[in-house]
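J.: One structure is given below, represented as structure tokens, and several questions about it will come after.
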Amino acid sequence: MSENINIQSLPKEIPPQFVAFWKISSEPWAFKDPDSRYRYANSAFLELLDLPPEFNIVDKSDSELPVNKPADSKLPYLDFAKFSQQYRDYEKLAVVANQTVSSIETHCFGREKKIQPYIFDRTPVLNDRKESVGVMLHAHPMSFFTPGQYVEKESPLSLLYDKPDEFFTDEEYDVIFFLLQNISNESIAEELHISVQKVDSIQQGVYEKAQIGSLYDFKVFCKIRGYERYAPQKFLEPSSRMVPLST
């Protein structure tokens, strides 16, 4: 994928080695000036934002990025403009605190247009006079690390957004998603707009399919099959949440 980016727009404080790495990196990287306007974005960043490879992002702010709305109004789409003020605030905080400010961005990312969470790290870049020349951005998929994984010395999990298999129905997977979060059947019924009796019936049905008799054993079953990683798209909403700064 070619890049049509004006490298000359970057401040001299950015080492050439950084730019060379960004250009070949498969991870999204970008740089924004003190006015929150993009001065650079690599191919992976453009792809993450579902922008054409030849798109010239230089001098544009998040509020000026094009929005690719689908014909079906019910389908999700990426709209960074809606969160542009939050992003500007994150960048200002990174400069004031002189440290990386991270946020969890849950949006309809990539060419596949799937809602998924990414971590966006914003790191300030200063000149010799300790003045900000902009903020370096790095995005990477969010992984999940439970206390149990820490104790067992396991690797963090990455979420699955496509149904793992056809072993359970869509309705059963919806209930399973909440069961694995230790959500009560009453709350599941409210969330899914069905009766508690229906939730009880589905829970009993998935137990029978898995040939187990308790939630604990079912969680073990789901862990082995990888179901604990599955997050149905319908339960993910576009959002931006800042990760608390380290002290």
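J.: Can you give me the C-alpha center-to-center distance between the stretch 47-66 and the stretch 170-246, rounded to a whole angstrom?
T.: When both Cα centres are located, 37 Å separates them.
J.: About its Cα centre, what dipole magnitude does the stretch 162-230 give when the only charges are +1 on Lys and Arg Cβ and -1 on Asp and Glu Cβ, stated in debye to the nearest 20?
T.: Working: 7 positive and 14 negative charges, 63 e Å.
Dipole of the stretch 162-230, to the nearest 20 debye: 300 debye.
J.: Would you calculate a helix-derived [θ] at 222 nm for the chain, using -39,500 (n - 2.57) for each DSSP H run of n ≥ 4 and dividing by the full residue count, to the nearest 500? Before the final figure, lay out the partial values.
T.: Working: 8 runs with 78 residues, N = 247.
It comes out at -9000 deg cm²/dmol, rounded to the nearest 500.
J.: Residue farthest toward the positive end of the dipole of the chain, with Cβ of Lys/Arg at +1 and Asp/Glu at -1: which of I57, I212, V96?
T.: V96
J.: How big is the dipole moment of the chain about its Cα centre under a simple scheme where the beta carbon of each Lys and Arg is +1, that of each Asp and Glu is -1, and everything else is neutral? Debye, nearest 20, please.
T.: Details: 27 positive and 37 negative charges, 139 e Å.
Dipole of the chain, to the nearest 20 debye: 660 debye.
J.: Relative contact order of the chain: what whole-number percent is it, with Cα pairs under 8 angstrom and at least 6 residues apart?
T.: 18
J.: Let me ask something else. If we sort 24-32, 11-19 on the protection proxy, mean other Cβ atoms within 10 Å, highest first, what's the order? Present the calculation step by step, with values, prior to reporting the outcome.
T.: On the way: 24-32: 17.8, 11-19: 12.6.
Going from most to least packed, we get 24-32, 11-19.
J.: Using bins 5 angstrom wide from zero, how does P(r) for the chain break down, in % of all Cα pairs?
T.: P(r) over the chain, rounded to whole percents: 1, 6, 11, 15, 15, 13, 11, 9, 8, 6, 4, 2, 1, 0.
J.: Just order 119-132, 37-50 by mean Cβ neighbour count inside 10 Å, highest at the front, would you? Before the final figure, lay out each step's value.
T.: Values: 119-132: 14.6, 37-50: 22.1.
The packing order, highest mean first, is 37-50, 119-132.
J.: Let me ask something else. Considering only DSSP states other than H, G, I, E and B, which chymotrypsin sites (Phe, Trp or Tyr not before Pro) in the stretch 65-108 qualify as loop sites with at most 16 other Cβ atoms within 10 Å?
T.: Y77
J.: Residue-wise, which Karplus ³J(HN,Hα) couplings in Hz belong to the stretch 17-29, taking 6.51 cos²θ - 1.76 cosθ + 1.60, θ = phi - 60°, and x for glycine or proline?
T.: 5, 4, 4, 4, 5, 4, 5, 9, 6, 7, 9, x, 9
J.: Follow-up. For each pair in K92/K223; K32/K69; K12/K60; K114/K223; K198/K223; K23/K223, compute the distance between the two Cα atoms and list the pairs where it is over 31 Å. Walk me through the numbers on the way to the answer.
T.: On the way: K92/K223 41 Å; K32/K69 25 Å; K12/K60 20 Å; K114/K223 23 Å; K198/K223 24 Å; K23/K223 38 Å.
Exceeds cut-off: K92/K223; K23/K223.
J.: Shifting gears a bit: How large is the dipole of the stretch 14-103 about the Cα centre if only Lys and Arg carry +1 and Asp and Glu carry -1, each at its Cβ, rounded to the nearest 20 debye?
T.: Numbers: 10 positive and 13 negative charges, 25 e Å.
I would put it at about 120 debye.
J.: Quick one: which of 103-115, 187-199 comes out on top by average Cβ neighbours within 10 Å, and what's the full order, highest first? Display every interim value, and only then the final one.
T.: Values: 103-115: 17.2, 187-199: 15.1.
Packing order, densest peptide first, comes out as 103-115, 187-199.
J.: Here's another thing I want to ask about it. Cut-off 11 Å, label point 7 angstrom out along Cα-to-Cβ of H140: give me the residues of the stretch 110-125 whose amide nitrogen falls inside.
T.: Inside the label zone: 119-121.
J.: Still on this structure, please answer the following. With an 8 Å cut-off on Cα pairs and a minimum separation of 6 or more residues, tell me the relative contact order of the stretch 1-133 in percent. Before the final figure, lay out the partial values.
T.: On the way: 200 pairs, mean separation 27.0, N = 133.
Across the stretch 1-133, relative contact order equals 20 percent.
J.: Hey, another quick one. What does the stretch 162-230 give for Rg and for Dmax, in Å, if only its C-alpha atoms count?
T.: Rg, Dmax (Cα atoms, Å): 11.1, 30.
J.: Here's something else I'd like to know. Extension gain E190-A97, at 0.36 nm per residue separation less the Cα-Cα distance, in nm? Display every interim value, and only then the final one.
T.: Values: separation 93, 0.36 × 93 = 33.48 nm, distance 4.21 nm.
Difference between extended and current length: 29.3 nm.
J.: Also: Mean separation of Cα pairs under 8 Å and 6+ residues apart, divided by the residue count of the stretch 162-230: what relative contact order is that in percent?
T.: Working: 38 pairs, mean separation 25.0, N = 69.
Averaging sequence separation for qualifying contacts and normalising by length gives 36 percent for the stretch 162-230.
J.: Shifting gears a bit: Hey, if you put +1 on the Cβ of every Lys and Arg and -1 on every Asp and Glu Cβ in the stretch 162-230, which of S201, I224, S187 ends up farthest toward the positive end of that dipole?
T.: I224
J.: Let me ask you something else. So who's got an amide H within less than 5 Å of the one on K60, skipping anything under 5 residues away but keeping other chains? H placed 1.01 Å off N, in plane.
T.: Result for K60 returns Y38.
Here, each number is a calculation from the coordinates, and none is a lab measurement. Bear in mind the structure is a predicted one, so any value in this text is a computation, not a measurement. All Cβ positions, glycine included, derive from the backbone under ideal geometry; neighbour counts span all protein chains shown.
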